[in-house]
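The values are calculated or read from the model by the stated rules, or taken from the named source; none is laboratory data. Since we're looking at a predicted model, the values are computed, not measured. For neighbour counting, all protein chains shown are included, and Cβ atoms are generated from backbone atoms with ideal geometry for every residue, glycine included.
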Amino acid sequence: MRIPAGTTMAAEALLFDMDGTLVDSTAVITDLWRRWCDRHGVDAEALLRVSHGRRTIETVRRFAPPGVDPEVEAAALTDAAATACDGFTAIPGAVDLLRSLPSSRWAIVTSADRAIARSWLTLTGLPIPEVLVTAEDVVAGKPDPDGYLQAARRLGCAPGRSVVFEDAPAGLAAGRASGARVVALATTLGPEDMHDHDWVPDLSGVTYTPEMSGQLAFSG
């Protein structure tokens, strides 16, 4: 259900996915994956249906043909994504929301590697949080909840008193499995796919008041 204007939600900590939630990298990443698929004879459409929100190494392991070294291929893709200089934009509302948050109240949990995360956040004018959980920090990526559990722990907040913002099926599942309340963004899935989620179009109508236990407000 789309979250109605005027809704408030208690939240001691806010945990954000990055790609599709804070940063739109669709054009860059789609191009990288399509070129990789062309080189290796992989069905690009099948890969793109499941790759979003997952670690690069996990996608490569799933689709790489025999004889292809997943570690080498994932490292090359990561380097290409980390050194790309254009094609990225901030999701509407992300810059204002993140800049308004106390550093002790928010974190980013991303399936991207640390170099990619820091590069994309900088390119889009988004602040880099004190708590940044990346692909290197987890043994199992999303939909496993480990990243969100780590972030909540590092912020000193119980997962059940946190709110996760996500856009992709794997991340939405990870947020739910962590025990946090989850808000979906309709940036990857359309509204027609949001029947099981509380959702907003983007972050432009979201504000946060940190006093006491913290409160999110949604204006539409």
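For this structure, a couple of remarks:
- Per the conditions (1) in a loop (DSSP other than H, G, I, E, B); (2) out of contact with any helix residue (DSSP H, G or I) (no Cβ under 9 Å at 6 or more places or on another chain); (3) among the hydroxyl-bearing types (S, T, Y), the sole criterion not satisfied by T188 is (2).
- Note on segment 129-183: residues that are among the aliphatic types (A, V, I, L, M) and in a helix (DSSP H, G or I) total 10.
- Search result, residues across segment 21-37 that are assigned to a helix (DSSP H, G or I), within 25 Å of V183 (Cα to Cα) and not hydroxyl-bearing (S, T, Y): A27, I29
- Residue pairs whose Cβ atoms lie under 6 Å apart, separated by 6 or more positions or on different chains, with the first residue in segment 36-51 and without any contact (Cβ under 8 Å) to a residue 12 or more places away in the chain and the second assigned to a helix (DSSP H, G or I) and not aliphatic (A, V, I, L, M), are A44/R34; A44/C37.
- Whether a residue is modelled with pLDDT under 95, among the small types (G, A, S) and farther than 28 Å from G214 by Cα was assessed, and G87 passes this test.
- Complete set of residues in segment 92-127 that are modelled with pLDDT under 95, among the aliphatic types (A, V, I, L, M) and either closer than 23 Å to R161 by Cβ or part of a loop (DSSP other than H, G, I, E, B) (or both): A112
- Any chance A27 is in contact with a Gly (Cβ under 8 Å, 6 or more places away or on another chain), at pLDDT 95 or above and among the small types (G, A, S): no
- From the list L132, L149, L185, L126, the one residue that fits, being in contact with an Asp or Glu (Cβ under 9 Å, 6 or more places away or on another chain), on the phi < 0 side of the Ramachandran plot and not aromatic (F, W, Y), is L185.
- Filter result (in a helix (DSSP H, G or I) and of a type in the set (G, A, S)) within segment 50-64: S51
- In segment 65-93, of all residues being surrounded by 11 or more Cβ atoms within 10 Å (Cβ to Cβ) and touching a Gly at 6+ places or on another chain (Cβ under 9 Å), the one that is nearest to L185 (Cα to Cα) corresponds to I91.
- Pairs with Cβ under 7 Å, 6+ apart, first in segment 191-220 and in contact (Cβ under 8 Å) with a residue 60 or more places away in the chain and exposed (fewer than 13 other Cβ atoms within 10 Å of the Cβ), second outside any loop (DSSP other than H, G, I, E, B) and not basic (K, R): S213/A10
- Restricting attention to segment 41-51, the residues that are surrounded by 15 or more Cβ atoms within 10 Å (Cβ to Cβ) and over 15 Å from T78 (Cβ atoms) total 5.
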